[in-house]
Amino acid sequence: MRDILKVREKVVPYLLKAFENYKEKGIAPMRALVSDYTDDPETYNIDDEYLLGAKLLVAPIVGENKGRKVYLPKGEWVNFFTGEKQECGWFEVETDNIPVYIRME
């Protein structure tokens, strides 16, 4: 429970900013990868990952699986939970958490 509350503490201000951005600029807080990566043809067929706000990419794991393939578009990415850098492109992930990656600027 403590871990979940720590995540919530980090994410709530971020989400508030994402919704302010939506109100001011019309950019949806939750959107398909292709919205931000129109030059990347790989993003056109991905329907099970999404961007959350300006910097988070979420790749939910559905069902009882603990793993899945994840695609990260060009850029520098860091695992939200571990802080480990992750190369862009396709890769397999096994985790007890939802795969979430932060786009670094």
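Points to keep in mind about this one:
- Segment 63-105: C-alpha gyration tensor shape, a/c 1.5 cut-off, then a/b vs b/c: oblate
- Accessible area per residue in Å² at 1.4 Å probe, computed on the chain: 72 Å²
- Nitroxide proxy distance, nm - points 7 Å out along Cα→Cβ at residue 66 and residue 12: 3.1 nm
- Vicinal HN-Hα couplings computed from phi for segment 20-34 (Karplus, 6.51 cos²θ - 1.76 cosθ + 1.60; Hz; Gly/Pro x): 5, 4, 5, 5, 7, 10, x, 8, 4, x, 10, 8, 5, 4, 4
- A straight chain from residue 5 to residue 95 at 0.36 nm per residue would run longer than the Cα-Cα distance by 30.5 nm.
- Sulfur and carbon atoms: percent of accessible area, the chain [1.4 Å]: 53 percent
- Stokes-Einstein D for segment 1-78, Kirkwood Rh over Cα pairs, 20 °C, 1.002 mPa s (µm²/s): 152 µm²/s
The values are calculated or read from the model by the stated rules, or taken from the named source; none is laboratory data. All of these numbers come straight from a predicted model, not from anything done at the bench. Because the Cβ atoms are built from the backbone with ideal geometry, glycine has one as well, and the counts that use them run over all protein chains shown. Each accessible area value is taken on the protein alone, full model and side chains, heavy atoms only, with ligands, DNA and RNA left out. Shrake-Rupley method; radii C 1.70, N 1.55, O 1.52, S 1.80 Å.
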